[in-house]
1. Between Ile41 and Asn62, what length in nm is gained on full extension when 0.36 nm per residue of separation is reduced by their alpha carbon distance?
2. Mean shadow of segment 126-165, computed from the convex hull of its alpha carbons, in nm²?
3. Which whole-Hz ³J(HN,Hα) couplings does segment 147-159 yield from phi under the Karplus relation 6.51 cos²θ - 1.76 cosθ + 1.60, θ = phi - 60°, glycine and proline marked x?
4. With the Cα gyration tensor of segment 55-165 giving a ≥ b ≥ c as the square roots of its eigenvalues, does the rule (a/c under 1.5 for rounded; else a/b larger than b/c for prolate; else oblate) give rounded, prolate or oblate?
5. What percent do you get for the relative contact order of segment 108-165 when only Cα pairs under 8 Å and 6+ apart count?
6. Please give, to one decimal in nm, the separation of the simple spin-label points placed at Ser117 and Val144, each 7 Å out from Cα toward the Cβ.
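Each value in this text was obtained by applying a stated rule to the coordinates, not by laboratory testing. Keep in mind it's a predicted model, so treat the numbers as computed, not measured. Cβ placement follows ideal geometry from the backbone for every residue including glycine, while neighbour counts extend to all protein chains displayed.
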Amino acid sequence: KNPNPELCARRLYMPFTFPTPWQPPVEPGQAFRESCTMQAIVSGVVGGGAGLVLGAVLTPLNSQLQQETEHLPLREQMRRGVREMGSQSRSWGKNLLVIGAVFSVSECFVEKSRGRSDRWNSIFGGCLTGGVLAAGAGPQAMGVGCAGFAAFSAAIDALGFGHFD
């Protein structure tokens, strides 16, 4: 067989490049946004802040202080109300911080291990989050937590609140 001389010439003169499995980020904030650790920190901070606000807003709606403190002076009523609001805000903040951080890091790890960026990452990440958060209650609770968080993640994506089309 006589090989094509043009094809041989192209092969001879093509520059050799070493394969690089890791490409440095083109955009300055790209490495920051793609880091699972940074995503977990940012999600935890945002979740904690949202929890603090939610705790402060929702405390008066479910408070039992009105019945307990109606005979006390106004200053003592205010003091107890602020104390309860702080306690509820810290509780909500801590819970949403943990949920946000665990979901963010599990979704990121699923995306990195699958090598794809699609809606299944949030569903699998939600399942992992529900399982991890219910780990202390046993395997049945872990299964229910997995199903619940996965369904919630799928619903959020289906309603268009996720970052996918």
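1. Gain on stretching Ile41 to Asn62: 4.5 nm.
2. In nm², the orientation-averaged hull projection of segment 126-165 is 2.5.
3. Rounded to whole hertz, the list is 5, x, 5, 5, 5, 5, 5, 5, 5, 4, 5, 5, 7.
4. Note, shape of segment 55-165 comes out prolate.
5. With pairs under 8 Å counted, the relative contact order is 32 percent.
6. Label at Ser117, label at Val144, 3.7 nm between them.
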